[in-house]
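Beneath this line is the structure, given in structure tokens, with notes to follow.
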Amino acid sequence: MITIDDFKKVEIRVGNILTAEKVIDTDKLLKLSVDTGEGTSRQIISGIALHFPEPEKLVGTRCAFVANLEPRMIRGFESNGMILAVSAVEGAFSLLIASDTIPPGTRVS
């Protein structure tokens, strides 16, 4: 269990995926460029490639991202955030999608 104060530390924002490509020599990783409303795009490395065999179809999708994680090196690429998704035991998978009317950078509350 965490306190509400702990939860408030997590900054979840809407981001618009600008580019999406497979990380070479990996099965699970995608390299995303994401507009999070900060004026410059962020690079986010995510283990969702098995669910998106055509990653370019993610371009233009607005999703929820954790925006205040410390940067992390993954397979030689710096990742500056985390995309939020859900998966079920039965294999169902979904990104947490925001409406196109919600601008990048909007904080999830």
Could you go through region 35-46 and let me know if any residue there is surrounded by fewer than 18 Cβ atoms within 10 Å (Cβ to Cβ) and in contact (Cβ under 8 Å) with a residue 40 or more places away in the chain. yes
Look at region 12-36 and say how many of its residues are assigned to a loop (DSSP other than H, G, I, E, B) and in contact with a strand residue (DSSP E or B) (Cβ under 7 Å, 6 or more places away or on another chain). 3
Find all pairs meeting these conditions: Cβ atoms under 9 angstrom apart; at least six residues apart or on different chains; first residue within region 8-27 and among the hydrophobic types (A, V, I, L, M, F, W, C); second residue assigned to a helix (DSSP H, G or I). 17/58; 20/55; 20/56; 20/57; 20/58; 23/49
When region 1-33 is checked residue by residue, the ones that are in contact with an Asp or Glu (Cβ under 9 Å, 6 or more places away or on another chain) and of a type in the set (Asp, Glu) are 21
Yes/no for residue 78 being charged (D, E, K, R) and at pLDDT below 95: no
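The values are calculated or read from the model by the stated rules, or taken from the named source; none is laboratory data. The model shown is predicted, which means the values in this text are computed figures rather than measured ones. Neighbour counts run over all protein chains shown; Cβ positions are idealised from the backbone, glycine included.
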